[in-house]
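What follows is calculated from the coordinates using simple rules that are stated; it is not laboratory data. Given the structure is predicted, the values throughout are model-derived calculations rather than measurements. We place every Cβ from the backbone using ideal geometry, glycine too, and count neighbours over all the protein chains shown.
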Amino acid sequence: MTDYKKATMDILSKKAEPPLCFLHSFGCQQNVSDGEKILGLLCEMGYGVTQDITAADLIIYNTCAVREGAELKVYSLVGNLKNLKKKKPGLMIGVCGCMAQQEKTVENLKRSYPYVDIIFGTFALGELPRLLYKALTEKGTAVDISEYKADFPEDIRPVRNSGFSASVPVMYGCNNFCSYCIVPYVRGRERSRSPEAVLSEVKELAGQGYKEIMLLGQNVNSYGKTLDEPISFSELLRRINGIDGDFRVRFMSSHPKDVTKELIDMIIDCEKICKHLHLPLQSGSDRILEAMNRRYTSEKYLETVEYARSRIPDFSFSTDIIVGFPNETAEDFEATLNVVRKVRYDNIFSFIYSKRTGTKAAVMEDATPEEEKKERIQRLLDIQREISSDGFKRFIGRTLTVLFDSADEDGYCSGKSDEFIIVKAKADTSVIGSFQRVKITKAFNWALEGEIING
Ligand code: SAH
Ligand code: SF4
Ligand code: F3S
């Protein structure tokens with residue numbers, strides 16, 4: 001069998017310097033995590049990594065297909081590379097990820113952007129060395145969007161973006177087929193990593209001093225169901241919580257139909273698990289939830305929230321909401337606002353519905369004008385702003401644990417509390433990557449501010 005890693009590098013290493021690659025991932029953390037693995041594979045081959053796109057010998061866009069806007073952005077960026085490629089003939093360009101997994105993207109790229117060298121889907125990440133070799137030795141674009149059974153090799157070490165916060169996928173794919181969503185079509189059916197693989201990765205990260213572990217899956221509550229020895233996500237959390245080290249654990253996303261009391265109890269009982277749940281509502285109208293194929297009602301959703309709040313009265317929730325699903329009426333939208341008012345989320349990610357060809361919702365007729373949808377999303381944002389600015393006041397005077405992650409311009413640094421809320425404090429950059437106890441003094445509608453308490 002040809003060793004494509006070596007064969008590719010034999011061609012490329014004619015230059016004195018190692019070739020450089022630039023990769024940008026769009027979309028969700030799952031995709032960002034794939035991007036880190038692709039970089040790991042390229043580094044293993046002998047590539048160096050650069051943040052400077054003009055210095056790169058290989059540029060890869062790891063794309064997202066969840067909304068039309070995400071796709072248009074990629075086409076525009078790939079369009080911009082035409083001139084760079086003219087100036088630098090040896091430059092290779094790759095497009096991968098969820099958008100690339102779709103036939104229509106491959107056709108569009110081949111037709112309108114023929115200078116793209118490689119296109120590979122979400123299943124073919126491990127095929128990259130072969131595709132690079134093919135692109136270097138044959139004419140035309142090297143394409144692989146096959147649905148391979150095996151996931152990315154476990155032995156490739158990801159090149160992580162951060163030295164203190166790490167994403168760890170626990171499962172891939174999705175079986176839920178929410179009627180608006182392209183993800184099951186571009187990521188395939190659910191499959192879980194073995195608990196041993198997840199635990200050993202977390203152990204290693206904890207040993208390296210990572211402070212935050214984000215467990216990833218499109219619906220983490222389905223974790224372990226298809227393994228030879230089934231295990232629940234709550235049990236996985238319990239085992240991760242038992243790993244030594246000064247780190248905290250988050251996870252995304254939970255499907256409301258699958259959240260159990262057992263999961264909430266586990267979050268509350270395990271000291272390393274953040275007391276926060278990202279629980280995508282999508283809509284508060286039962287009629288729309290049914291059309292979305294979400295398989296829960298607003299009542300069932302609210303029961304979960306109430307149970308968590310019966311144990312921790314201000315348990316933190318965030319959510320995703322789609323505004324303007326086909327034929328969402330004014331009453332349906334009011335029902336969403338009602339749930340938002342009842343739950344009092346700390347944060348909402350809201351999106352105007354975007355038609356995704358190939359999904360069930362794409363063929364539903366939709367009479368609601370775009371203007372109306374924009375007005376609705378604006379109302380939702382206004383209401384949420386009031387809720388968070390009022391809700392965040394509950395933290396004034398309290399001390400929160402904050403993992404600082406960035407420097408602001410004004411002598412402040414910011415990070416996230418356990419509740420996943422942005423917290424600012426006056427501090428020098430040495431706090432970045434560490435936990436600090438912060439006494440909250442001010443609440444805004446988007447963040448908190450406080451003072452770091454020493455000792
Ligand atoms: N598996 C996760 C995330 C899916 S994608 C989950 O179920 O929560 C992230 C978010 O994008 C979704 O929660 C949804 O709110 C939004 N989204 C998905 N498809 C969309 C579409 N066609 N139009 C607008 N928003 C969409
Ligand atoms: Fe998409 Fe629904 Fe799966 Fe989330 S659970 S990825 S929204 S199909
Ligand atoms: Fe986008 Fe794919 Fe994630 S479609 S949201 S990058 S799974």
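Tell me, S192, S13, S318 in order of fewest to most beta-carbon neighbours within 10 Å?
Exposure proxy ranking, most exposed first: S13, S318, S192.
If you count, for each residue, the other Cβ atoms within 10 Å and average over each peptide, how do 228-237, 93-102, 364-373 line up from highest to lowest?
Most protected by this proxy first, the peptides run 93-102, 228-237, 364-373.
Taking 1 over the mean of 1/r across every pair of different Cα atoms in the stretch 211-295, what Kirkwood radius in Å do you get?
So the Kirkwood estimate lands at 13.9 Å.
With contacts defined as alpha carbon pairs under 8 Å and 6 or more residues apart, what's the relative contact order of the chain in percent?
10
Under 1.5 on a/c is rounded, so check that first for the stretch 240-352, then, if it is not, pick prolate when a/b is larger than b/c and oblate when it is not; a ≥ b ≥ c are the square roots of the alpha carbon gyration tensor eigenvalues.
prolate
222 nm [θ] for the chain, helices only, -39500 (n - 2.57) per DSSP H run of 4+, per residue, to 500?
That comes out to -11000 deg cm²/dmol.
Using only Cα atoms and rounding to the nearest 10 degrees, what angle (0 to 90) does helix 298-311 make with the longest principal axis of the chain?
Value to nearest ten degrees: 70.
Could you work out the equivalent-ellipsoid semi-axes for the stretch 33-119, taking the square root of 5 times each eigenvalue of the Cα gyration tensor, largest first, in whole Å?
The answer is 20, 17, 11 Å, longest axis first.
With the Cα gyration tensor of the stretch 110-149 in hand, convert its eigenvalues to equivalent ellipsoid semi-axes via √(5λ) and list them largest first in whole Å.
Equivalent ellipsoid of the stretch 110-149: 18, 13, 6 Å, largest first.
Just the number, please: percent antiparallel of the DSSP beta bridges in the chain, rounded to the nearest 5.
35
Using amide H atoms built in the peptide plane, which far-off residues or other-chain residues are under 5 Å from I273 H to H?
The answer is V249.
What is the dipole size for the chain, taken about its Cα centre, with +1 at each Lys and Arg Cβ and -1 at each Asp and Glu Cβ, in debye to the nearest 20?
The dipole of the chain has a size of about 660 debye.
Based on the inverse mean of 1/r over its pairs of different Cα atoms, what is the Kirkwood hydrodynamic radius of the stretch 14-63, in Å?
11.2 Å is the Kirkwood radius here.
No other cysteine beta carbon under 4.7 Å away is the test; run it over the chain and list who passes.
Those would be C21, C28, C43, C64, C96, C98, C174, C270, C274, C413, since no other cysteine Cβ in the chain comes under 4.7 Å of theirs.
How big, on average over all directions, is the shadow cast by the Cα convex hull of the chain, in nm²?
23.3
What base-10 log of the normalised intensity I(q)/I(0) is obtained for the stretch 294-371 from the Debye formula, alpha carbons as equal point scatterers, at q = 0.13 Å⁻¹?
-0.50
No solvent, one uniform scatterer per C-alpha: report log10 I(q)/I(0) for the stretch 162-273 via the Debye equation at q = 0.10 1/Å, two decimals.
Result of the Debye calculation: -0.28.
To the nearest 20 debye, what charge dipole does the stretch 19-84 have about its Cα centre, counting +1 at the Cβ of each Lys and Arg and -1 at the Cβ of each Asp and Glu?
160
May I ask for the angle, rounded to the nearest 10°, between helix 68-87 and the longest principal axis of the chain, with both axes built from Cα atoms and the value confined to 0 to 90°?
Computed tilt is about 30 degrees.
Keeping to pairs on different chains or 8 or more places apart, tell me how many lysine pairs in the stretch 162-273 have Cα atoms under 17 Å apart.
4
With a Cα-only, solvent-free Debye model of the stretch 396-453, what are the log10 I(q)/I(0) values at q = 0.12, 0.17, 0.24, 0.31 Å⁻¹?
Relative scattering, expressed as log10 I(q)/I(0), comes to -0.20, -0.41, -0.86, -1.45.
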